[in-house]
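K.L.:
Could you have a look at this structure, given as structure tokens, before my questions?
The numbers here are math on the coordinates, done by the rules we state, and not lab data. These numbers come from a predicted model, not from an experiment. Don't worry about glycine lacking a Cβ; one is built from the backbone with ideal geometry, like all the others, and counts go over all protein chains shown.
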Amino acid sequence: MAPRSLVLTAAVLLSCGALFSAFVPVPLVAKSLSSSAPALGQLPTAALSAALLVTPSLAHAATEGSAVWIPALSAVGAGFAIGLAAIGSGVGQGIASGRCIDGISRQPEVADDLRGVLLLSLAFMESLTIYGLVIALVLLFANPLIK
């Protein structure tokens, strides 16, 4: 891996970490030796899954603190939805186009068949990006978590 891509990867990871820490506060836990409560890693799986199942219903609660968190996290989710959809579709389209060009260069007589299949597959890949856009727009403008 080139040094430039390592630097860019590190910058993206650091910025994502900073963005995540800006919206989700880290709980401060005082460590004491006399505490009998189990650590997070020692909690049973059923308790963790129950907490995850209750979390969406807690998002509907209209307390003072959640009035800001739900739209903010929805905007972050919309950004991730459209960003990941665009990145995935772009990588897939690049790989498919490269393979098609390789195939045409090896066998020029099947160029018409490959071109038709390529255009159809590119259309399907682009439809996934449009689905990501629809999810982002729903999260921004028709959010089911906001009453």
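K.L.:
What order, most packed first, do the peptides 122-134, 70-82 have when packing is the mean number of other Cβ atoms within 10 Å of each residue?
P.N.:
70-82, 122-134
K.L.:
Provide the per-residue ³J(HN,Hα) series for segment 70-80, in order, calculated from phi with Karplus coefficients 6.51, -1.76, 1.60 and θ = phi - 60°, each as a whole number of Hz, with x at glycine and proline positions.
P.N.:
Result, ordered by residue: 5, x, 5, 6, 5, 5, 5, x, 5, x, 5 Hz.
K.L.:
Can you give the extra length, in nm with one decimal, that the chain gains between Leu137 and Ala72 once fully stretched, where that is 0.36 nm per residue apart less the Cα-Cα distance? Don't skip to the answer; put the middle values down first.
P.N.:
Numbers: separation 65, 0.36 × 65 = 23.40 nm, distance 1.40 nm.
Going from the current span to full extension adds 22.0 nm.
K.L.:
Follow-up question, since we're still on this one. For segment 68-146, with only Lys/Arg (+1) and Asp/Glu (-1) charged at the beta-carbon, what is the dipole magnitude about the Cα centre, in debye rounded to 20? It would help to have the intermediate numbers written out before the result.
P.N.:
Values: 3 positive and 5 negative charges, 44 e Å.
Once rounded to the nearest 20, the dipole reads 220 debye.
K.L.:
Follow-up question, since we're still on this one. If the viscosity is 1.306 mPa s and the temperature 10 °C, what Stokes-Einstein diffusion coefficient in µm²/s follows for segment 68-146 when Rh is the Kirkwood radius over Cα pairs? Can you show the working numbers first?
P.N.:
Details: Rh = 14.3 Å.
For the chosen part, D equals 111 µm²/s.
K.L.:
In what sequence, highest mean first, do 103-110, 135-142 appear when ranked by Cβ atoms within 10 angstrom?
P.N.:
Details: 103-110: 11.2, 135-142: 14.8.
Top of the packing list down: 135-142, 103-110.
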